[in-house]
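The values are calculated or read from the model by the stated rules, or taken from the named source; none is laboratory data. Just so it is clear, the structure is predicted and the values come from calculations on it, not from any experiment. Reconstructed Cβ throughout: ideal geometry from the backbone, glycine too, with neighbour counts over all protein chains shown.
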Amino acid sequence: MGDFDPSVPVNASAPRCRRIGVLGGTFDPVHIGHLRGALEVAESLALDELRLVPSARPPHRDTPQVSAKDRLAMVECAVAGVAPLVVDDRELQRDKPSYTIDTLESMRAEMADETQVFLLLGWDAFCGLPTWHRWEELLQHCHILVLQRPDADSEPPDALRNLLAARSVSDPLALKGPSGQIAFVWQTPLAVSATQIRQLLASGKSVRFLVPDAVLAYIEAHGLYRASN
């Protein structure tokens, strides 16, 4: 007799590669729009992990109103116990602008080559890609998931049309390999913005149900976004 083990399937498939999502932002503060959208994508694509990456010095955004320490703490409060959402603070460890290409290269150096990486971008951010640092190299390190809301009716810039024609896939679940393609993910629009939340707080109004309770407790405990800030 041979060494056949009946408990092991004869044609057991190899374990599938890991699937990692990446969502960057100032998160000033993190709110239900960020979190609900992230969770929807993580579930629909069966991601093993979706990393929220707070940016330190965003090249394309105004300077965040509160400190990196506070923004990181709020995101940590928001995702505590909410798998597969996790926090990645690597951009806050770098003393230079938060370029996405640097973040992806850093992540890739820690992963198996076959790991699939999905960079989540809103429609406006995607349309602004041609202004990003080394933007043509992004797809060498990741797939791009464009989170498009039904009310997004603007056209992409000319610089992206050829890229979309060559790299877009109609079904996000059909993205193959570790990187290199683009897919659109339709999202339920939530009319919530960090700007709106900061304005409400500055005027002394409640933001309950716009941010997780743990984030609201942190904001109140540390007196963030008050008019005197």
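Brief remarks follow.
- Looking across region 152-180, the residues that are part of a loop (DSSP other than H, G, I, E, B) and either aliphatic (A, V, I, L, M) or more than 16 Å from CYS127 (Cα to Cα) (or both) come down to ALA152, SER170, ASP171, LEU175, LYS176, GLY177, PRO178, SER179, GLY180.
- When MET111 is tested against (1) within 20 Å of HIS31 (Cβ to Cβ); (2) assigned to a loop (DSSP other than H, G, I, E, B); (3) within 18 Å of the chain's Cα centre (by Cα), exactly one condition is not met: (1).
- Of all residues making up region 193-210, the number that are assigned to a loop (DSSP other than H, G, I, E, B) and buried (at least 17 other Cβ atoms within 10 Å of the Cβ): 2
- Residue list for region 125-173, restricted to those being exposed (fewer than 12 other Cβ atoms within 10 Å of the Cβ) and either in contact (Cβ under 8 Å) with a residue 12 or more places away in the chain or on the phi > 0 side of the Ramachandran plot (or both): THR131, PRO150, ASP151, SER154, SER170, ASP171, LEU173
- Residue that is modelled with the lowest pLDDT, among those in region 23-48 that are under 19 Å from TYR225 (Cα atoms) and either of a type in the set (Phe, Trp, Tyr) or in contact with a Pro (Cβ under 6 Å, 6 or more places away or on another chain) (or both): THR26
- The set of residues in region 174-189 being of a type in the set (A, V, I, L, M) and touching a residue at least 60 places away in the same chain (Cβ under 8 Å) consists of VAL185 alone.
- Note on region 84-108: among residues that are at pLDDT below 95 and outside any helix (DSSP H, G or I), the one that is farthest from GLN140 (Cα to Cα) is ASP95.
- Within region 24-35, residues that are touching a residue at least 60 places away in the same chain (Cβ under 8 Å) and more than 13 Å from LEU92 (Cα to Cα) sit with their Cβ atoms under 8 Å from residues that are β-branched (Val, Ile, Thr) and part of a helix (DSSP H, G or I), at 6+ positions apart or across chains, in these pairs: PRO29/ILE197; PRO29/VAL215; PRO29/ILE219; VAL30/VAL75; VAL30/VAL215; HIS31/ILE197; HIS31/VAL215; LEU35/VAL79.
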